[in-house]
1. Just the residues that are buried (at least 17 other Cβ atoms within 10 Å of the Cβ) and more than 16 Å from ALA178 (Cα to Cα), please, taken from region 132-141.
2. Can you go through GLY90, GLY138 and tell me which one is at pLDDT below 95, at positive phi, within 14 Å of the chain's Cα centre (by Cα) and not hydrophobic (A, V, I, L, M, F, W, C)?
3. Which is at pLDDT below 95, surrounded by 15 or more Cβ atoms within 10 Å (Cβ to Cβ), among the small types (Gly, Ala, Ser) and assigned to a helix (DSSP H, G or I), of GLY129, GLY150, GLY125?
Amino acid sequence: MKNWALQTGKTGREDEATRVHSDRTRSLIRSTPLLLALLLNACFSLQVEDWPDNIPPSRLFVRAWQEDPANQLVQPMDEYLYWVKSFYVGTVVYPRGWLDIKSELLTLTNNDEQSSLAREIDSLGITIGAEWAKLNEGRLIDNRMLALWGSVLQLSLAENKERQAIDFIASDVARLLAGEIQKEGVVELRYADALGYELFGDFGDF
């Protein structure tokens, strides 16, 4: 009887431990969505708090991320916002960002036209940056296009064709996103013909 009592006592403690463990596991499972939400919120807060004042508001890109369910499945919002910022300010590998292009275009533009041109550049940058910041596999705008468009805009300064270049690029971006043209069709010859430029090199994806 004593042995049975001792054994029963041990089993009771094991059962109690198992019950407590199960309760904790269920509690953890119930709290997981909340923990994930808090973690996502913290990452988002870090990105937003560090958001530069000289680029468009983060809420525009948060909305863009939210409106693309397919990209949400493979790219967290904080990573997406990081690449949006990189598009504007550049990276260690590619230090020249959209802000640099904007500055160059406005510096050599008449004062009377700067405000309207700045709005066009900002609008184009938001559209390009929102798509480029996605993961490579799902985005319609890649590094090759950025290099190409950057060169087109640089050349437009020498030819006084800034607005024509911006309008043509904006049209191509809209048609790309609408599926009217393919990435493979966005090549230098297209812009050389449309804007009267000489061919300026090969732009492979990088």
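The values are calculated or read from the model by the stated rules, or taken from the named source; none is laboratory data. What you see is a predicted model, and the numbers here were worked out from it, not measured in a lab. Every residue, glycine as well, gets a Cβ built from its backbone with ideal geometry; the counts of neighbours run over all protein chains shown.
1. Passing the criteria: ALA133, LYS134.
2. Numbers: GLY138 fails: at positive phi.
From the options GLY90, GLY138, the qualifying one is GLY90.
3. Every option except GLY150 fails the conditions.
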